[in-house]
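Asks: Once you've had a glance at the structure underneath, I'll fire off some questions.
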Amino acid sequence: MSDNPRVRFGGGRSARLRRRLTVGTALVALVAVGLALGVPLLRDRSQHRLERRADREVTATAQRTRAVLLAEPSDREADLRRAAGTVDGVEVITVTAVAAEVRLVFRVRVAKTAASVLGWQRADAAACFGQVVRRGDTPAPLERLPCPD
């Protein structure tokens with residue numbers, strides 16, 4: 001047997017190099033699996049957050065539209081249609097006058113974009129709302145309605 005410790009234990013530069021390559025390969029594989037699993041989860045989570053922000057903006061836009069409509073109540077359909085049309089993202093669907101009140105049904109559409117891990121994400125949100133405008137002191141609440149197709 002040899003007195004050289006490297007020969008006795010099968011060591012040497014080539015054995016250390018093989019161990020380092022094996023450990024390095026294992027680490028690279030572990031990182032690749034982590035990225036393959038983690039990136040889609042992060043993307044889904046950020047997409048969900050973006051969709052929630054778009055939905056909140058739809059509601060905020062509807063509230064702004066309500067404020068515009070109630071700022072100067074009118075019993076003229078054309079005036080109210082024009083006032084609602086001044087708010088970005090609002091499309092007036094119907095305007096109906098009955099007695100001393102006017103009912104507007106309008107659609108609010110919002111598109112949001114944001115940077116994400118794998119590029120740009122986009123979320124589109126839309127909802128329909130109904131608002132009754134009356135002459136007098138009692139404003140009617142804003143109601144969320146199903147959108148017509």
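Asks: Given (1) modelled with pLDDT of 75 or more; (2) surrounded by 10 or more Cβ atoms within 10 Å (Cβ to Cβ), identify the lone condition not met by ALA71.
Replies: For ALA71, the exception is condition (2).
Asks: Can you pull out every residue in the range 118-144 that is over 15 Å from the mean Cα position of the chain (by Cα) and surrounded by 14 or more Cβ atoms within 10 Å (Cβ to Cβ)?
Replies: Within the range 118-144, CYS128, PHE129, GLY130, GLN131, VAL132, VAL133, ARG134, PRO139, ALA140, LEU142 meet the criteria.
Asks: Next question. When only residues in the range 74-107 that are surrounded by fewer than 17 Cβ atoms within 10 Å (Cβ to Cβ) and in contact (Cβ under 8 Å) with a residue 40 or more places away in the chain count, which is nearest to the chain's Cα centre (by Cα)?
Replies: Going through the qualifying residues, I end up with ILE93.
Asks: Check whether at least one residue in the range 126-147 is among the hydrophobic types (A, V, I, L, M, F, W, C), without any contact (Cβ under 8 Å) to a residue 12 or more places away in the chain and touching a Ser or Thr at 6+ places or on another chain (Cβ under 8 Å), and report yes or no.
Replies: no
Asks: Pick from THR94, THR59, THR138: which is at pLDDT below 90 and among the polar types (S, T, N, Q)? I'd like the intermediate steps shown before the answer.
Replies: On the way: THR94 fails: at pLDDT below 90; THR59 fails: at pLDDT below 90.
Just one listed residue meets the conditions, THR138.
Asks: Test LEU50 against the stated conditions and say whether it is among the hydrophobic types (A, V, I, L, M, F, W, C), under 30 Å from ALA127 (Cβ atoms) and part of a helix (DSSP H, G or I). Reasoning before the result, please.
Replies: Values: among the hydrophobic types (A, V, I, L, M, F, W, C): yes; under 30 Å from ALA127 (Cβ atoms): yes; part of a helix (DSSP H, G or I): yes.
Against the criterion (among the hydrophobic types (A, V, I, L, M, F, W, C), under 30 Å from ALA127 (Cβ atoms) and part of a helix (DSSP H, G or I)), LEU50 qualifies.
The values are calculated or read from the model by the stated rules, or taken from the named source; none is laboratory data. Keep in mind that what you see is a predicted model, and the values were worked out from it rather than measured. Every residue, glycine as well, gets a Cβ built from its backbone with ideal geometry; the counts of neighbours run over all protein chains shown.
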